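The values are calculated or read from the model by the stated rules, or taken from the named source; none is laboratory data. Being a predicted model, the structure only gives us computed values, none of them experimental. Here the Cβ positions follow ideal geometry from the backbone for every residue, glycine too, while neighbour counts run over all protein chains shown.
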Amino acid sequence: MNKINFSGPINSLSFGNVSYNILRSFHKKDIDIAFFPIGKSLDFTAFDKIDDKLHDWINKAYDDRFKNLSRDSTSIKMWHINGSEMGVVGNSALYTFYECDEPTDVEVSICKAQEKCIFSSSHAKKVFQKSGVKNSEYIPIGFDQDFFETGKSYLKGKVNFGLIGKFEKRKHTERIIKLWAERYGDNNDFQLTCCINNPFHKNGETEAIISRALSGKKYSNINMLPRLETNSEMNELYNSIDIDMSGLSGAEGWNLPSFNATCLGKWSVVLNSTSHTDWATSENSILVEPEGIEDIYDETFFIKGNNFNQGNLNTFSDQSFYKAIDKAIDKYGKRNEKGVEIKEVFTYDNTVEKILNSINK
């Protein structure tokens with residue numbers, strides 16, 4: 001296969017990062033791409049270390065997209081199920097992320113309409129196959145090679161906890177902050193660094209929820225970072241933390257922050273459910289077993305009765321949270337060697353190779 005019509009976003013959000021890394025692997029394989037960006041523009045702000053050759057190649061694939069458009073080519077879209085009902089031309093393959101557990105009739109119909117519907121997690125493949133989507137497959141994403149261990153010392157003498165990712169109900173963001181503050185608030189042997197901005201929240205909404213979680217109190221050892229624009233800034237953040245808590249999300253299609261932190265030798269506390277089961281093990285993570293479910297609806301991203309994103313998220317108890325945190329603190333100062341190893345297993349070159357093999361079947 002030497003020509004592909006590819007559609008996906010290029011921006012600083014998680015989908016934009018995945019699209020960028022898939023394109024980088026296409027470039028390495030010298031595959032001719034007609035690139036149709038979702039969002040109609042190319043925002044390279046996050047990719048501040050992009051190679052000039054790759055930058056020019058992506059721009060050319062965009063500029064020449066109509067000239068290189070071919071009916072005989074395979075069209076691959078990297079996007080949500082919602083919005084993937086229409087392809088470009090030719091055989092269609094969708095690469096997507098799914099967090100929930102109750103596929104709707106509309107989601108099933110859209111996925112069935114694809115030649116291939118490729119999910120980032122085995123959890124998603126399982127629930128869709130159970131719903132009759134026989135063309136579903138599981139192919140994991142990889143570690144972004146722009147992230148690396150800096151070797152710097154950041155907060156000497158303090159255990160720095162990290163919470164990274166959009167502030168959402170499904171990620172248990174509010175509850176994690178509340179539980180952490182109840183035990184470690186104003187204890188300056190510990191630090192909580194949060195990068196949890198949600199660009200879809202209305203002005204001041206995130207701050208109001210955080211204030212509610214902390215009962216309006218200000219803590220000396222809880223640091224709320226502004227939105228970080230570049231992956232270099234994100235790399236510094238990953239390297240500065242000792243223990244990641246982003247893995248306590250109750251519903252994920254992969255969970256890039258927790259995965260990235262683990263690959264960089266950090267210890268992540270991870271809820272053993274949904275996509276986490278594909279990469280997190282008892283050797284490379286502090287696993288927390290789910291102890292129940294609750295509905296996922298937040299009236300913003302997950303709206304009950306909608307045609308998309310219906311179902312439940314997994315939960316954990318206060319006791320299991322603190323037990324896992326204690327285990328993680330015991331590992332303070334010890335590099336997560338098993339975590340570092342998984343970045344050699346999960347690579348974007350492997351992802352793209354598996355996607356191409358799947359399409360060629």
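At a glance:
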quantity	calculated
Odd one out for Glu182 among (1) in contact (Cβ under 8 Å) with a residue 12 or more places away in the chain; (2) surrounded by fewer than 19 Cβ atoms within 10 Å (Cβ to Cβ)	(1)
Residue list for region 189-235, restricted to those being part of a loop (DSSP other than H, G, I, E, B) and of a type in the set (S, T, N, Q)	Asn197, Asn198, Asn203, Ser215, Ser220, Asn221, Thr230
Those residues of region 33-57 which are farther than 23 Å from Ile196 by Cβ and surrounded by 15 or more Cβ atoms within 10 Å (Cβ to Cβ), in sequence order	Ile33, Ala34, Phe35, Phe36, Pro37, Ile38, Leu42, Phe44, Ile50, Leu54, Trp57
Subset tally (residues that are closer than 23 Å to Ile10 by Cα and either among the charged types (D, E, K, R) or outside the structural domain of Asp326 (by TED's automatic domain parsing) (or both)) for region 203-231	2
Those residues of region 58-95 which are without any contact (Cβ under 8 Å) to a residue 60 or more places away in the chain, closer than 14 Å to Ala113 by Cα and under 23 Å from the mean Cα position of the chain (by Cα), in sequence order	Gly83, Ser84, Glu85, Leu94
Among (1) of a type in the set (D, E, K, R); (2) crowded, with 17+ Cβ neighbours inside 10 Å; (3) not assigned by TED's automatic domain parsing to the domain that holds Asp244 - the single one Lys112 does not satisfy	(2)
Single unsatisfied condition, Asn314 versus (1) assigned to a helix (DSSP H, G or I); (2) buried (at least 17 other Cβ atoms within 10 Å of the Cβ)	(1)
